[in-house]
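J.: Following this message is one structure expressed as structure tokens.
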Amino acid sequence: MTIGFRLNEKKKRNLATIIALIFTAFLLLILALRVYELLTPKKIIKVTPYQHLETDKHMNYEFSIKKFNKLDTIFITENQKRIYLFDCSNYLETICTHDQDQVFNYQIKTADIIKINDRFMIKHMTWVNAVNKKQFQHTLADHQLMKLYEAKSNVSYVAIAVFLLLSFGGLFMIFWGHIYQFILRKFNSL
């Protein structure tokens, strides 16, 4: 006994279209996930001490906050030569809270610059206000530094989605066409 059913041409094409779309979407989802894994590799994040700055008789370290590329930026100088630039967004609650309209520099007593993969960050800094001689301090723990690094390093999901859409749009049409034709031939042979 054979169980079978007959479909007219229109129903065969519709069924072939649905099955082809399901298989194609599944294939492209797997491909997109693989490409996403390649675009966002897991990095080993390691906090490495890079440089310790300390003002003494021979070295004078200062910092000021100025606009650089339309962003508030920390300029650290060594004997009035610029050596580091840091974006203020990581230090808004400590270093960058001071009045930026004042044009004087703050004298750094000690500062620890660390390196996380390819970025430099301020882990610890103690400085003195040049006018009222008041002392301030900024300290971040290793886990806070790693969170800041990860937040700055994340790849935009929108950028990845646009890349995948443009890359796999043509593949989708090719796969869908071949799967559709294959399924349609199988239905016609029934």
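J.: What share of Cα pairs, in percent, lie more than 22 angstrom apart in the range 47-153? Working shown, then result.
T.: Values: 1506 of 5671 pairs.
Counting every Cα pair in the range 47-153, those more than 22 Å apart make up 27 percent.
J.: What are the ³J(HN,Hα) couplings of the range 19-27, residue after residue, when phi is run through the Karplus curve with 6.51, -1.76, 1.60 and θ = phi - 60°? Round to Hz, x for glycine and proline.
T.: My calculation for the range 19-27 gives 5, 5, 5, 5, 5, 5, 4, 5, 4 Hz in order.
J.: Can you work out the FRET efficiency for the pair Lys70 and Arg13, with r the C-beta to C-beta distance and R0 = 45 Å, to the nearest 0.05?
T.: Values: r = 57 Å, r/R0 = 1.27.
For Lys70 and Arg13, the calculated efficiency is 0.20.
J.: Among Met125, Met59, rank each residue by its count of other Cβ atoms within 10 Å, from fewest to most, as a rough exposure measure.
T.: Working: Met125 25, Met59 11.
By the 10 Å Cβ count, ascending: Met59, Met125.
J.: Please report the spacing between the Cα centers of the range 173-190 and the range 114-148 in Å, no decimals.
T.: Measuring centre to centre over Cα atoms gives 63 Å.
J.: If R₀ is 45 angstrom, what is the calculated FRET efficiency for the pair Val162 and Lys57, using the beta carbon separation as r and rounding to 0.05?
T.: 0.20
J.: Given 0.36 nm per residue, what is the gain on full extension from Thr94 to Leu31 after removing their alpha carbon distance, in nm?
T.: 18.2 nm
J.: Hey, another quick one. Given the pairs Lys46/Lys67; Lys57/Lys147; Lys67/Lys115; Lys57/Lys81, which span a C-alpha to C-alpha distance of over 26 angstrom in this model?
T.: Values: Lys46/Lys67 30 Å; Lys57/Lys147 36 Å; Lys67/Lys115 24 Å; Lys57/Lys81 16 Å.
Table pairs above 26 Å Cα-Cα are Lys46/Lys67; Lys57/Lys147.
J.: Ordered by residue, what ³J(HN,Hα) values in Hz, to whole numbers, does the range 49-59 give under the Karplus form 6.51 cos²θ - 1.76 cosθ + 1.60, where θ = phi - 60° and Gly and Pro are x?
T.: After applying 6.51 cos²θ - 1.76 cosθ + 1.60, I find x, 10, 8, 10, 9, 8, 6, 9, 5, 8, 10 Hz.
Values quoted throughout were computed directly from the atomic coordinates according to the rules given, and no laboratory measurement underlies them. Just so you know, these numbers come straight off a predicted model, no measurement behind them. Ideal geometry is used to build each Cβ from the backbone, glycine not excepted, and the neighbour counts take in all protein chains shown.
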